[in-house]
Structures are given as C-alpha cells and as structure tokens.
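*Asks:* To start, I am sharing the structure in question, which I have written as structure tokens.
What follows is calculated from the coordinates using simple rules that are stated; it is not laboratory data. Only a predicted model underlies this, so the values are computations on that prediction, with no experimental measurement involved. Backbone-built Cβ (ideal geometry, glycine too); neighbour counts: all protein chains shown.
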Amino acid sequence: MLDYRQKIDALITKIEKARTAYSRHHIVKIVAVSKNASPEAIQHYYNCSQRAFGENKVQDLKTKMHSLEHLPLEWHMIGSLQENKINALLSLKPALLHSLDSLKLALKIEKRCEILGVNLNALLQVNSTYEKSKSGVMPEEALETYSQISETCKHLKLKGLMCIGAHTDDEKKIEKSFITTKKLFDQIKNASVLSMGMSCDFELAIACGANLLRIGSFLFKE
Ligand SMILES: *Cc1c(COP(=O)(O)O)cnc(C)c1O
C-alpha cells in the first residue's frame, strides 16, 4: 500500500528546495495527475490537503468528478481535447484547460461557450520541443496565436502557457524546452500561469520558472 502522506511530503520537500533556490517569493502549485488512480487514492491525497487534480480524458474527468462530488476538489483537464468532447468538458466546468493547442480548437470552444453562456480558463500549449508526437503551437507562432485567441475568443480566458518537457534523459534538452516556454511566457502581458514539469523533470521546470506542476506517477505509482 502506498504511504500517501509520506509520498506527498517527499514531493513537497523536493519542490520547496527547488522553489527557494529559484526565489523565496515564487509560488508553486501542484496539480496531482490522477489519470491512473482510483477515486480512493484521490481521497487519500485530499486527506493530505491536496485539492487540485488533473485528468487527461474528458470521460475520466467526468467519472471521477462525479464519484468525488462530495469533496471540494479543483479539477484540471490536462490532455488533448477532441472537438466532439467540447460540450462535455464545458458542462463539467473545469478550473483550467491546460492543453488548448490551436486557434481552430479555440474558435470551436468559443462558439460553444457563447451558446452556453459560460467561460473557460485555459492555457495555450506550446510544442517547445518540436516533437512531432506532441501537440501545441510552435514557439514561433505562440505569441501571435495567443493574442489572436485573446482578441477573438471572449469566453476563453487565457491565463498563460503549458508545455511538456522533451522526452529524453538529456537534461540540457529538457531545460532548453522549458527556457523556450518561459521566454514566451515573459513576453505575454497578464499571463500568470506557467504549467510545466512532471514527475521526472519538475525540479528543472521550477528552476526555469514554472509555477504549476502536473505530477502523476511520483504520487500515484506503487
Ligand atoms: C500524465 C501526464 C502528466 C503527469 O506525468 P507523470 O510523469 O506521471 O508525472 C503531466 N502532464 C500531462 C499532459 C500528462 O498526460
């Protein structure tokens, strides 16, 4: 059995070390990525004061939200959003969509938001590693796309950027992709959320300025 308290304490200790090395004034928030976890495991982390959880599929988000609706949790959608799932996602009123990855998708979401009279907080996903397997806008287009979405999609509330670190053991490459994203983030007026860093690279992400971490296996893997 997982010792949940011990796991999250170990995580917080590591985060605190990286955070204070970066800046004592820097605030870092954890989204516990529960995509491979049971509602019971989520409840255990709730009991350890964790409130924000993330799922990468709309259907799983819906199932877990419903089975845990008695708890005041904050739910994040972190995976690619298929156009035919937009309505379903909006009806769940997630705290944040991390993975808005094109102007085309933004326009589709905007249309549905307008009809339903709702807003959606979102981050623009940047493909800062230039990996073909990853979604997101290319770094060269990110600022332009960000302002286009901000101007044309009034119901989409852009809060900042998200990226997934390079899929490699080469720390330099991972760092490069984080720095690329941070430089873009710094050029956006009013952007407040920089979602980067997962179980294998969150310390590096914090060193590069991340303030929202998406942590799955570190917390939930046996
Ligand atoms: C699964 C997932 C994570 C968490 O990954 P871990 O390596 O398990 O921490 C973070 N972000 C996204 C988009 C994911 O799909």
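*Asks:* Inverting the mean 1/r over all pairs of different Cα atoms, compute the Kirkwood radius of the chain and quote it in Å.
*Replies:* 17.7 Å
*Asks:* Work through the residues other than G54 whose Cβ is under 13 Å from its Cβ and net out their charges, Lys, Arg +1 and Asp, Glu -1.
*Replies:* +3
*Asks:* Report, in cubic angstrom per residue, the convex hull volume of the C-alpha atoms of the range 1-68.
*Replies:* Residue-normalised Cα hull volume stands at 96 Å³.
*Asks:* Something else now. Using a Gaussian network model of the chain whose springs link C-alpha atoms within less than 10 Å, name the residue from G209, G160, G117 with the highest mean-square fluctuation.
*Replies:* Comparing G209, G160, G117 in a Gaussian network model of the chain, the most mobile one is G117.
*Asks:* Rounded to the nearest 500, what is the chain's calculated 222 nm mean residue ellipticity when only DSSP H runs of at least 4 contribute -39500 (n - 2.57) each, over all residues?
*Replies:* Counting only the DSSP helices, I get -13500 deg cm²/dmol.
*Asks:* Something else about it: Normalise the Debye intensity by I(0) for the range 173-222, one equal point scatterer per Cα, no solvent, then take log10 at q = 0.20 Å⁻¹ and round to two decimals.
*Replies:* Debye output, listed in q order: -0.64.
*Asks:* Something else about it: What is the percent of Cα-Cα separations in the range 1-114 that go past 19 Å?
*Replies:* Roughly 53 percent, once rounded to a whole number.
*Asks:* Give me the count of lysine pairs in the range 5-109 whose alpha carbons sit under 12 angstrom apart, restricted to pairs 8 or more positions apart or on different chains.
*Replies:* Lysine pairs satisfying the spacing and distance rule in the range 5-109 number 7.
*Asks:* Only Cα pairs within less than 10 Å get springs; with that Gaussian network setup on the chain, which residue of D186, D101, D170 has the largest fluctuation?
*Replies:* D170
*Asks:* A further question follows. Rounded to whole Å, give me the distance from the Cα center of the range 59-123 to that of the range 198-222.
*Replies:* Taking the Cα centre of the range 198-222 as reference, the centre of the range 59-123 is 22 Å away.
*Asks:* Right, next: Roughly what percent of Cα-Cα pairs across the range 144-206 reach past 17 Å?
*Replies:* I get 43 percent for the Cα pairs in the range 144-206 exceeding 17 Å.
*Asks:* Right, next: Take the Cα radius of gyration of the range 53-158 and divide it by 2.2 N^0.38 Å, with N its residue count; two decimals is plenty.
*Replies:* After normalising by residue count via 2.2 N^0.38 Å, the value is 1.07.
*Asks:* Which lysines have a Cα lying under 16 Å from the Cα of K189, excluding residues fewer than 8 positions away in the same chain?
*Replies:* K157, K159
*Asks:* For the range 93-214, what percent of Cα pairs sit more than 21 Å apart?
*Replies:* I get 34 percent for the Cα pairs in the range 93-214 exceeding 21 Å.
*Asks:* What is the sum of charges around L68, taking Lys and Arg as +1, Asp and Glu as -1, for the other residues whose C-beta is under 13 Å from the C-beta of L68?
*Replies:* Taking every Cβ under 13 Å from that of L68, the sum is -2.
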